[in-house]
Amino acid sequence: GNSNWGDDKGEVSWSDRGRVKRNGSPAKLKRLSRGRCRRHPLHVDFRDVGWHKWIIAPSGYDAFFCLGECRYPLADHMNASSHAVVQTMVNSVNGAVPRACCVPTSLSPIALLYLDNHDRVVLKNYQDMVVESCGC
Amino acid sequence: GRQGGESSETDNGRVPPTPSSPSPAAALPDPGLAQTIQSLLLSRLGLQSQPNPRPDVPVPEYLLDLYRFHQQQYHLLEDPTFSFPSHHIQQANTIRSFHHSGKLESKTTRNLVHISFNISSIPQDETVLSAELRLLRSQAASLGPGPHRLNLYLSKHYEDPEPMLLETRLLTSCLHCIKAGSFWEAFSLNADLLRKAHGGTGSLGFLLEVRPENSDNQSEQHQERHLRVSRSVGQDDHSWAQERPLLVTYSHDGHGEPLVKHGRRTS
């Protein structure tokens, strides 16, 4: 009921405020993609993909993902490659050249404890399963 | 065992399996494509197909403790005598566990027991670096009064005329057994021995010989020196799975970092 939130007619508009969009809805992802390139949370639950029957631990893990724009000028903290800097400069004067991509720049492994095809327990370190940092 | 990470402004970044509101942009991939992607990931994990284990497969506590220790969940360790095998793990990114085949050959008059393990499931492209044979000392079995010596041999079968002595160990008073109720004796095996032992057959056999060290010594209580190699009458599957001899192999599949490098990043 706060009139400061109302439109020109003095009525309250709830279109942007009232609806809470959660868990990576398309609208939220669209908003995130327009922001600067950065790491975003993504939790992978093995139950969701049906792997909980053979993976003993963990039940899931935080994988993260990279999303966002690589806009000119690239800030120092954007973890940009030299090529990405050049590409972004060219994009700023020639829109036909695409911007650099927001991708993982470092990844880390996770350890999985699971049952193999012979019902035997295995502990294995799997590389490149977690995004540690993103960059252009 | 959940790994830590940032929490989002909403719900820790959990992505539901189906979108909350139908949208062409959020359409699920067709089942064939999903199957292909899953197969690709499974192959990268070294699996030919998705495992389909039988229900209630017992998990050796040692493997669970190894995982917990690796994840720095020290408060969850079950075995109070657990010791992280750094020397085995430093080059390995894969740890496999094997229970003995179940057929036990023994002659009580000679205090000899033969146990074997089927390790043929280790992939050909995986390099076994070392292994451990783990035998439980508990209060439930008895070796007799006085200190005993355990001789461990590599032996293809019970009647092997030339078993190869691997290690001899004196089993003295076990303070851990008294305090914790049980203690694991671990015997290390190097890669050369393993290759020689199974000789491509995929089967690894050991001969255990227990001899009294000093038959005149009657001063110590026999209940402190026990070795668990056979199942007690009426013992349930779960508890036997936690007590039976365990062979643990440490290997590397050629992909990724060793387990000892917890949280190491690659660029």
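For the stretch B:114-124, does any single residue satisfy the condition of being of a type outside the set (Gly, Ala, Ser), over 23 Å from residue A:116 (Cβ atoms) and touching a residue at least 12 places away in the same chain (Cβ under 8 Å)?
Within the stretch B:114-124 (the criterion being of a type outside the set (Gly, Ala, Ser), over 23 Å from residue A:116 (Cβ atoms) and touching a residue at least 12 places away in the same chain (Cβ under 8 Å)), the answer is yes, since at least one residue qualifies.
Yes/no matrix, rows are residues, columns are (1) touching a helix residue (DSSP H, G or I) at 6+ places or on another chain (Cβ under 6 Å); (2) β-branched (Val, Ile, Thr); (3) within 9 Å of chain B (Cβ to nearest Cβ); (4) closer than 30 Å to residue B:101 by Cα:
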position	(1), (2), (3), (4)
A:30	no, no, yes, no
A:36	no, no, no, no
A:43	no, no, yes, no
A:56	no, yes, yes, yes
A:61	no, no, yes, no
A:65	no, no, yes, no
A:84	no, no, no, no
A:90	no, yes, no, no
A:104	no, no, no, no
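With the requirement that a residue be within 16 Å of the chain's Cα centre (by Cα) and at the interface with another protein chain (Cβ under 7 Å from one of its Cβ atoms), what does the stretch A:106-129 give you?
A:106, A:107, A:108, A:128
With the stretch B:162-267 as the region, which helices (runs of 4 or more DSSP H) entirely inside it contain at least 3 residues that are surrounded by 12 or more Cβ atoms within 10 Å (Cβ to Cβ) and either at pLDDT below 70 or in contact with a Pro (Cβ under 6 Å, 6 or more places away or on another chain) (or both)?
Correct list: B:175-180.
When residues of the stretch B:42-70 are filtered for being part of a helix (DSSP H, G or I) and either facing another protein chain (nearest Cβ under 7 Å) or surrounded by 15 or more Cβ atoms within 10 Å (Cβ to Cβ) (or both), how many remain?
Total satisfying the criteria: 11.
Determine if the stretch B:78-100 includes at least one residue that is within 30 Å of residue B:159 (Cα to Cα), of a type in the set (Lys, Arg) and at pLDDT 80 or above.
Yes; the residues of the stretch B:78-100 include at least one that is within 30 Å of residue B:159 (Cα to Cα), of a type in the set (Lys, Arg) and at pLDDT 80 or above.
For the stretch B:71-84, give me each residue that is assigned to a loop (DSSP other than H, G, I, E, B) and within 12 Å of chain A (Cβ to nearest Cβ).
Scanning the stretch B:71-84 gives B:71, B:72, B:73.
The values are calculated or read from the model by the stated rules, or taken from the named source; none is laboratory data. In this text the structure is predicted, and so the values were computed from the model without any measurement. When we count neighbours, we look across all protein chains shown, and the Cβ atoms used for this are built from the backbone with ideal geometry, even at glycine.
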